Ligand code: PMP
């Protein structure tokens, strides 16, 4: 990934892609103390637009605050930088990765005088869980790894170190031929996928886990709004694993994964084992929204 053309926004400057490097004693590389975002820009009839840019930037600043990292830029500067780096790379559709990290100013957990650095890298990236799976749905298995407990990791932060837990879960199920892991919290209730929130559908009712052990996903928020606009009820609550076995439909949400149907959980078909009508309706509405083909929520599109 390092050997490409293009530019990365690095501490306020556009740096050639191959030169956007850091020292091996970078604090964040050793201890995982850093935070990041995953943002998407789509091509719309009025040009390229980043979806819910300000909300992603706000979550990034919230993550940094939770980690105690002082941000050397304002939210407006970081939002503008994401637009700038897209323009510089001449990308009409992109996944955008802002990341906040400490440099090599000190070593050891107790290092002081650390400086916060920020990079923003955009690249063209198709469907995270496979284009055909947006229609067909994916096969999911419950992980043997437990999702974070609120007082050992803090899930409101999209923190680099939090993803070790995701990698354990994901690698375990990929090795056994499944597409994604379902993670349970410390009480055995459903938390989320390795990088997606989850929704369960019963008739006209949508249920999604409360925010104790999962990320406050921006796609999750969007889907909750769209579902309510369609007249569905949406409830945030504790959901058990067997509820997922007997629901009508289930799907994952995420900036990368968009809305991905779940067709099988723990070798049991979800509903009819195909994408359900509610999932399809929300998926269509979501894609229309992000691609600027809807009149709803125009404030959620930031044009480059
Ligand atoms: N949970 C985790 C652990 C994630 O990494 C992501 C992806 N950012 C999500 C949920 C979905 O969040 P969003 O909709 O904001 O991309």
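Here, each number is a calculation from the coordinates, and none is a lab measurement. Since the model is a prediction, treat every value here as computed from it, not as a measurement. Using ideal geometry, Cβ is built from the backbone for each residue, glycine included, and neighbour counts are taken over all protein chains shown.
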### Message
Under 20 °C and 1.002 mPa s, how fast does region 133-290 diffuse according to Stokes-Einstein, given a Kirkwood radius computed over C-alpha pairs? Answer in µm²/s, whole number.
### Response
140 µm²/s
#### Entry: Segment residue 3-residue 228, length gained on full extension (0.36 nm per residue, minus Cα span)
76.5 nm
#### Entry: Spacing of the two label points (7 Å from each Cα toward its C-beta) at residue 236 and residue 171, in nm
3.2 nm
### Summary
Rounded to the nearest 500, the 222 nm mean residue ellipticity computed for the chain from DSSP H runs (n ≥ 4, each -39500 (n - 2.57)) alone is -8000 deg cm²/dmol
### Query
In which sequence would 234, 33, 118 go, from the one with the fewest C-beta neighbours within 10 Å to the one with the most?
234, 33, 118
### Ranked by how many other beta carbons lie within 10 Å on average, peptides 213-223, 13-23 from highest
213-223, 13-23
### Message
If R₀ is 30 angstrom, what is the calculated FRET efficiency for the pair residue 13 and residue 210, using the beta carbon separation as r and rounding to 0.05?
### Response
0.15
### Query
Extension gain residue 123-residue 164, at 0.36 nm per residue separation less the Cα-Cα distance, in nm?
12.4 nm
### Query
Say a paramagnetic label sat at a point 7 Å from the Cα of residue 54, along Cα to Cβ; which residues of region 278-304 have their backbone N under 16 Å from it?
297-304
### Message
So for the chain, averaging the separation of alpha carbon pairs under 8 Å that are six or more residues apart and normalising by length, what relative contact order in percent results?
### Response
20 percent
### Query
What is the gain in length, in nm to one decimal, between residue 107 and residue 93 on full extension, counting 0.36 nm per residue of separation less the C-alpha to C-alpha distance?
1.2 nm
### Message
Could you tell me the relative contact order of region 144-200? Use alpha-carbon pairs under 8 Å, at least six residues apart, and round to a whole percent.
### Response
34 percent
### Message
Take residue 23 and residue 287, extend 7 Å from each Cα along the Cα→Cβ direction, and tell me the distance between the two endpoints in nm.
### Response
4.8 nm
### Two-decimal ratio, the chain, of alpha-carbon radius of gyration to 2.2 N^0.38 Å
1.00
### Task
For region 7-123, just the Cα atoms, rotate onto the principal axes and tell me the three extents in Å, largest first.
51, 30, 19
### Centroid-to-centroid separation of region 1-37 and region 159-238 [C-alpha atoms, Å]
29 Å
